[in-house]
Amino acid sequence: MINSTVYVVDDDPAILDSLTLLIQSNGLKTASFDSAASFLNCYSPEQPGCLLLDVRMPIMGGLELQEELSKRNFLIPIIFVSGDAEVPESVKAFKAGAVDFIKKPYDANLLMERIHEALAKDSKFRKWQTENNKIMACFNSLTAREKQVLKLICNSHSNKQVGKKLDISYRTVDVHRARIMEKMQAADIIELVIMTMSHTLFSTPDSTAEEA
């Protein structure tokens, strides 16, 4: 979380300054914006961090910004801070994935605790995303036949059963299996199955298409 940034968006200059000073005094890097538009113009999803966001702002409010970020597939953790938000607004924010919804005047210790939780969540997701991209690259290196064999293996089929279903010999299945293990960089069959299932590698329609 060393390289993480806490983004603060609030149209009230006094609150924006106080939040920025609080976060910086706790040793965290901040970037402050007085509108949703200015934040969107500067934000890069490659930068780790979290978003501290006011609900009621002119032109584009906090909930609208949350929706816009979702449309752009920007998955930054969001903590809402608001002095006059209604229950339906907080419910909507949580349903859309907000980390927390804190009312003003806020408790500084509680707020910093939530910020650290949001940064940890972002860090965990980014690590998973990096791992997922690596596994997907390995999976995409498999031939269509190898993907068929892999899917059957993950469905608890033995080499003999795989051979029977695909009308290939046991030895051919064994060769495919060895190549799959090598390409997927799996240490053993258990790791291979866990890797495949946890990253939902068979979500695409053509993942079991037969090789021409």
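Miscellaneous remarks
- Förster radius 35 Å - calculated FRET efficiency between Asn140 and Asn3 (Cβ-Cβ, nearest 0.05): 0.75
- Cα pair count fraction exceeding 27 Å, expressed as % - region 5-128: 8
- For the chain, averaging the sequence separation of C-alpha pairs within contact (under 8 Å, six or more residues apart) and dividing by the residue count gives a relative contact order of 15 percent.
- Nearest-0.05 FRET efficiency for Asp11 and Gln185, computed from C-beta distance (R0 41 Å): 0.25
- By the helix-only formula, in which each DSSP H run with n ≥ 4 contributes -39500 (n - 2.57) and the sum is divided by residues, the chain has a 222 nm mean residue ellipticity of -17500 deg cm²/dmol.
- A Förster distance of 22 Å, applied to the separation of the beta-carbon atoms of Ser35 and Lys103, puts the FRET efficiency at 0.50.
- Legend: Rg and Dmax of the chain, from Cα coordinates, 23.7, 74 Å.
- Among Gln24, Phe39, Val99 the positive-end extreme of the charge dipole of the chain (Cβ point charges): Val99
- Computed label-point distance, nm, for sites Asn26 and Met60 using a 7 Å Cα→Cβ extension: 2.6
- In this structure, every pair taken from Lys127/Lys183; Lys71/Lys127; Lys29/Lys124 has an alpha-carbon distance of 26 Å or less.
Bear in mind that the values in this text are calculations on the coordinates, not laboratory data. All values reported here derive from a predicted model rather than from experimental measurement. Neighbour counts run over all protein chains shown; Cβ positions are idealised from the backbone, glycine included.
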